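Please read the structure below before turning to the comments.
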Amino acid sequence: MRFRSALLTRFHWILFCLFVACTGLTSLTVSAAETERPNILWITSEDNGPHLGCYGDEYADTPHIDGLAKKGMIYLNCWSTAPVCAPARTTLITGMYPTCLGAEHMRSMVKLPENIKLYPQYLRQAGYYCTNNSKEDYNVEKTGQVWDQSNGKAHWKNRKPGQPFFAVFNHTISHESKIRNRPHTLVHDPAKVRIPAYHPDTPEVRHDWAQYYDRITEMDALVGKNLKELAEAGLTEDTIIFYYGDHGSGMPRSKRWPYNSGLQVPLVVYVPPKFRKLAPVDYQTNGKTDRLVGFVDFAPTVLSLAGVKPPEHMQGHAFMGEFNTKPQEYIFGFRGRMDERYDLVRSVRNQRYLYIKNYMPHKKYGQYLNYMFQTPTTQVWKKMYDAGELKPPQTYFWETKPAEELYDLQADRDEVNNLADSAEHQQILHELSLAQHQKILAIRDLGFLPEAEFHSLADGKAPYLIGQNKELYPLKQILKMADLASSGKASGVDQLSKGLSNQNSAIRYWAAMGLLMRGEPAVTEAHDSLQKALQDQSKSVRCIAAEALGKYGDQQDVENAVDTLISLSDQKKEGVYVAMLALNGLDKLGSEKVARVQDQIAKLPLKNNELDRRLQSYVPRLIERLQEQHKAD
């Protein structure tokens, strides 16, 4: 009997082991180990700054996020790195600055080197179930499986029993498009909303701001549902929770601009008691921290929380978890092409001051952008400026930019008092300018190559590899020419003229740009060199030389410039990036100079189905704008 009993016991044990293996319930020791790893929940919202009750905004109505803040801690100085969605989300998914990837421009698409994976892929390798519900909008191509599920049905509930999860829920109700849709019955009283110093105080502006706060309240309710769902599943104390916005508010001069108003986002973090060892040193319940963090730090941080060492290529710094790093002295931001309009701006801040370097100061802040001009605030603001009804600082947005900007964020929350020329602030100006310059060189910022150029040089491969190649991309020399070009000084014309004959096309591009920025005297002095540049091997150089001659040359120069630009405006023949640059040049010349080629403009192809769909609307918008301006005149 004992022998038989022993056989039965062994048989039952074998059956139990087979059952465990077949059902996926792996050994109890693994399950025990998994309970030591936190679940991680990211709740994100679109187009909103820290306009929340927990950040001291008494006009806001955000009880659920405020409740999370009382349990956790808020970050007072969190930047989205980019002030618009696609580059910001590219920063998040890579843990790298999009400026070194060739991915800084709005709705672009580039490849990554084979050795660079996106952070959910590292989490999945570590056993996490990773979901995204649901916006991606990355500027980099995905290779291999990134998420276990990424759509409107993605949810942590779909994981295997005992499996730790990383889940993202993104809420769109506060998006720019939602603060201008009408009809809308206001809940927040528009008479009580604070209007920033750079906006005019009109009924339209007050309505947009009040509606923005209404949308934030609606968004807060959705955050509450996410938190309630987690609590009802009994998982709150097993889950580290992040709530954050994806960049500044959708109002003009916030979104798309690397001011604090465009980059500062709310970040609320809750770490349950059982995982407090993973919290930063300054973590405390209902606490605040002034630590400087940015989106570039989020990927290494989430890996650190999961016990995964961030890979070497990630450029951010973990601010929590096993691989926590020391606080950083600065955080950095940037602006590249915004939809159909080109620009190049870099920004950096410390605890108190914000520094901005405008590399294309000749371009107005408020370049006509089709999507931005759909907002009533933008429309009324521009009409009032054109009518001469505004005074500084409300006029600044519609004018050209200074080469440098410096703001005291403690004394000037709206960033309207530029201290760049202040004698007593030259030391901090130099410190932040140097930090920004060093960051460009350290990451090998690709933004100083025209967009068409780095795509051409990459030849279907990752632009990042071009940026890391010091022969193909001599950044120090290029940056030196870009600094000279954008200095805001009238001097340097001789150096710029000589730069047009440099062997490197990016140096020639910035030389032409510098002459354009200096206006008629410089273009006249460098006339012959600019004429030769109309035949440059680089189509980007041709575009800028043509714009310079077309704006400041004689009638023959104008005709040559227009002919050059229209010949480069066909996106199917020349590519979308050259076509956008050329069409922008035509737009800057004005409708009178461009009138004779309106028939050719009308025949330009509007569609290019070979493009990523997110890029397909930009050339049509530029063509439409040129035609509208012609009809208006």
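The values are calculated or read from the model by the stated rules, or taken from the named source; none is laboratory data. These numbers were taken from a predicted model, which means no experiment stands behind them. In this analysis, Cβ positions are derived from the backbone assuming ideal geometry, glycine residues included, and neighbour counts consider all displayed protein chains. All accessible areas refer to the heavy atoms of the entire protein, side chains included, with ligands and DNA or RNA removed. Shrake-Rupley method; radii C 1.70, N 1.55, O 1.52, S 1.80 Å.
Consider the range 603-615 and keep the residues that are within 26 Å of the chain's Cα centre (by Cα) and of a type in the set (A, V, I, L, M). The one that is surrounded by the most Cβ atoms within 10 Å (Cβ to Cβ) is Leu615. Consider His362 carefully, then state whether it is over 16 Å from Tyr259 (Cβ atoms), within 20 Å of the chain's Cα centre (by Cα) and open to solvent by 10 Å² or more (accessible area, probe 1.4 Å). The answer is no for His362.
Taken together, the residues in the range 395-417 that are under 25 Å from the mean Cα position of the chain (by Cα) and either charged (D, E, K, R) or closer than 24 Å to Asp57 by Cα (or both) amount to 14. Close Cβ contacts (under 6 Å, 6 or more residues apart or on different chains) running from residues in the range 384-403 that are farther than 24 Å from Arg346 by Cα to residues that are open to solvent by 50 Å² or more (accessible area, probe 1.4 Å) and outside any helix (DSSP H, G or I) are absent. Of all the listed residues (Ile466, Ile478, Ile428, Ile443), the sole one being open to solvent by less than 70 Å² (accessible area, probe 1.4 Å) and touching a Cys at 6+ places or on another chain (Cβ under 8 Å) is Ile443. Restricted to strands (runs of 3 or more DSSP E) entirely inside the range 185-294, those with at least 1 residues that are open to solvent by 40 Å² or more (accessible area, probe 1.4 Å) and either of a type in the set (D, E, K, R) or under 30 Å from Arg341 (Cβ atoms) (or both) are 287-294.
Is there a residue in the range 69-82 that is part of a helix (DSSP H, G or I), open to solvent by 10 Å² or more (accessible area, probe 1.4 Å), out of contact with any Phe, Trp or Tyr (no Cβ under 9 Å at 6 or more places or on another chain) and within 28 Å of Leu292 (Cβ to Cβ)?
Yes, some residue in the range 69-82 is part of a helix (DSSP H, G or I), open to solvent by 10 Å² or more (accessible area, probe 1.4 Å), out of contact with any Phe, Trp or Tyr (no Cβ under 9 Å at 6 or more places or on another chain) and within 28 Å of Leu292 (Cβ to Cβ).
Figure legend. Inter-residue proximity from the range 591-609: first residues within 20 Å of Asp633 (Cβ to Cβ), second residues hydroxyl-bearing (Ser, Thr, Tyr) and not in a helix (DSSP H, G or I), beta-carbon distance below 7 Å, spacing 6+ or different chains. Indicated pairs: Leu604/Ser569.
Residue-by-condition table, conditions (1) surrounded by 19 or more Cβ atoms within 10 Å (Cβ to Cβ); (2) part of a helix (DSSP H, G or I); (3) small (Gly, Ala, Ser); (4) in contact with a strand residue (DSSP E or B) (Cβ under 6 Å, 6 or more places away or on another chain):
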| site | (1), (2), (3), (4) |
| --- | --- |
| Cys130 | yes, no, no, yes |
| Lys142 | no, no, no, no |
| Lys157 | no, yes, no, no |
| Gly162 | no, no, yes, no |
| Phe169 | yes, no, no, yes |
| Arg180 | yes, no, no, no |
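A single entry from Val308, Val223 fulfils the requirement of being more than 21 Å from Leu76 (Cβ to Cβ) and of a type in the set (A, V, I, L, M, F, W, C): Val308.
Note on the range 371-394: residues that are part of a loop (DSSP other than H, G, I, E, B), of a type in the set (S, T, N, Q) and open to solvent by 40 Å² or more (accessible area, probe 1.4 Å) total 1. Across the range 83-118, the number of residues qualifying as hydrophobic (A, V, I, L, M, F, W, C), part of a loop (DSSP other than H, G, I, E, B) and under 24 Å from Ser261 (Cα atoms) comes to 4. Among the residues of the range 330-351, are any within 21 Å of Ile43 (Cβ to Cβ), open to solvent by less than 20 Å² (accessible area, probe 1.4 Å) and either part of a loop (DSSP other than H, G, I, E, B) or of a type outside the set (D, E, K, R) (or both)? No; the residues of the range 330-351 include none that is within 21 Å of Ile43 (Cβ to Cβ), open to solvent by less than 20 Å² (accessible area, probe 1.4 Å) and either part of a loop (DSSP other than H, G, I, E, B) or of a type outside the set (D, E, K, R) (or both).
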